[in-house]
Amino acid sequence: MGSDLEIVDRPLALEVQKAAGIYALGAQTDDEFGESLTRLKRGLERLDIIIATVLVEGTDYDTPSYAGTYVDKDGTEHKKKNLRLPGAEKLALMARLVPSFDFQRLVGDGDTVPDIVYVVKCRLHMGSHDGPVVAEGLGSANTFETKYRYRYAEKSCPACGAVGSIRKSQFPPRGAEKGTPPGWWCKECKADFVKDDESITLQGAGKVDNPDPLDLDNTVLKMAKTRGFRDAVKMATGGSARLEQDMEDLPAGNAQPKAAESGQTVAQSPARAELVDRLFILAKDRGVTKFGDMFDHIRATNGILAGRMTTVIRDFSDNEIRSAVEAWEKK
Ligand SMILES: [Zn+2]
């Protein structure tokens, strides 16, 4: 009987090979090849010039401590840059590339599948929107990313009513009998409480689901769009050799594929995952965008001598990370 297979008029593999790749390279005349070689080299040199003279560190890119290095044409070694959105926009502008976007919006149950997932494809066109496509990039974002999924509920003070002011104390309440275990204290009114004071222990605290993930719709779309655009710019400018993965995109704790690539493998137990998540969130709140600065904070908090250098968070114990988190929470 007839099959459902469709016959497609498609060039044979060999013909495709001849049109591109190594065959096409071989088909060029020496002059043509020389010309494309010159252009490629000049393009990369100009990319270096743009990075050095136009892009501003801190705005257009930053230099993460975990970044790899590259060598420019003068043999000078540089750390790879972590391209931010404004930097990507400038590179696209200088290369006369115009982006267009397609997106897919997926809706989940918010329980096993994120409430909202956006997948954005960015195309960079030469000259204008109807120009030929030079590169494509993909970006996605979803409401299960730690920074969107949770907020941190904090305990309020029964004495002064301040919200989120209760901290675990390292000391027993003032005037308590010797041997009383450490309790709680309010960083606003300085009141202290015993360990099992129910006006505090019965309050919810810790990581709670964001009450309304749908509020994040636009935020998640923008994030996916930004990621897709930056990906496309990297492709178009052949900049991967010079441009590094963004820490902002590195999920803390749970999903770690990108983090793993840069050696930031984290979080085996759920408890550790939560600690590391919390550390990343506090770091971000404090404008700390470099792993190196975060590691300095962990070292400083734990009195670790600078001699113990590391570029990976797994070198720190749970307790060391916990102290660093607590130190930031107290400030
Ligand atoms: Zn208080």
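When the range 132-172 is examined, which residues are found to be more than 16 Å from the ligand (Cβ to nearest atom), surrounded by 15 or more Cβ atoms within 10 Å (Cβ to Cβ) and modelled with pLDDT of 85 or more?
Matches in the range 132-172: Val134, Ala135, Glu136, Gly137, Gly139, Ser140, Ala141, Asn142, Thr143.
For the range 32-63, name all the residues that are over 17 Å from Glu89 (Cα atoms) and of a type in the set (D, E, K, R). Don't jump to the end; show me each part of the working.
The initial filter retains those residues of the range 32-63 that are over 17 Å from Glu89 (Cα atoms), namely 32-45, 63.
Passing the criteria: Glu32, Glu35, Arg39, Lys41, Arg42, Glu45.
Tell me, yes or no, whether the range 153-173 has at least one residue that is touching a helix residue (DSSP H, G or I) at 6+ places or on another chain (Cβ under 6 Å), over 25 Å from Ala283 (Cβ atoms) and of a type outside the set (Lys, Arg).
Yes; the residues of the range 153-173 include at least one that is touching a helix residue (DSSP H, G or I) at 6+ places or on another chain (Cβ under 6 Å), over 25 Å from Ala283 (Cβ atoms) and of a type outside the set (Lys, Arg).
Pairs please, first residue from the range 105-117 and at positive phi, second anywhere and of a type in the set (D, E, K, R), Cβ atoms under 9 Å, 6+ apart in sequence or on different chains.
Short answer, once both residue conditions are applied: Gly110/Asp209.
Taking the range 41-55, which residues are in a helix (DSSP H, G or I) and in contact (Cβ under 8 Å) with a residue 40 or more places away in the chain?
Those that are in a helix (DSSP H, G or I) and in contact (Cβ under 8 Å) with a residue 40 or more places away in the chain: Gly43, Leu44, Leu47, Asp48, Ile50, Ile51.
How about the range 185-210: which of its residues are touching a residue at least 24 places away in the same chain (Cβ under 8 Å) and either more than 15 Å from the ligand (Cβ to nearest atom) or in contact with a Lys or Arg (Cβ under 9 Å, 6 or more places away or on another chain) (or both)?
Listed by number, the residues that qualify are Cys186, Lys187, Ile200, Gln203, Gly204, Ala205, Gly206, Lys207, Val208, Asp209, Asn210.
Please go through the range 79-114 and pick out each residue that is assigned to a helix (DSSP H, G or I) and either in contact with a Pro (Cβ under 8 Å, 6 or more places away or on another chain) or under 21 Å from Glu145 (Cα atoms) (or both).
Leu85, Ala92
For the list (1) at pLDDT 70 or above; (2) in contact with a Pro (Cβ under 8 Å, 6 or more places away or on another chain); (3) surrounded by fewer than 21 Cβ atoms within 10 Å (Cβ to Cβ), I need the number of the one condition that Gly287 fails.
With respect to (1) at pLDDT 70 or above; (2) in contact with a Pro (Cβ under 8 Å, 6 or more places away or on another chain); (3) surrounded by fewer than 21 Cβ atoms within 10 Å (Cβ to Cβ), Gly287 is out only on (2).
Could you tell me whether Ala135 is in contact (Cβ under 8 Å) with a residue 40 or more places away in the chain and in contact with a helix residue (DSSP H, G or I) (Cβ under 7 Å, 6 or more places away or on another chain)? Steps first, answer last, please.
Numbers: in contact (Cβ under 8 Å) with a residue 40 or more places away in the chain: yes; in contact with a helix residue (DSSP H, G or I) (Cβ under 7 Å, 6 or more places away or on another chain): yes.
When the stated conditions are applied, Ala135 passes them.
The values are calculated or read from the model by the stated rules, or taken from the named source; none is laboratory data. All figures in this text were calculated on a predicted structure; none of them were measured in a lab. Glycine also receives a Cβ, built like all others from the backbone with ideal geometry; neighbour counts cover every protein chain displayed.
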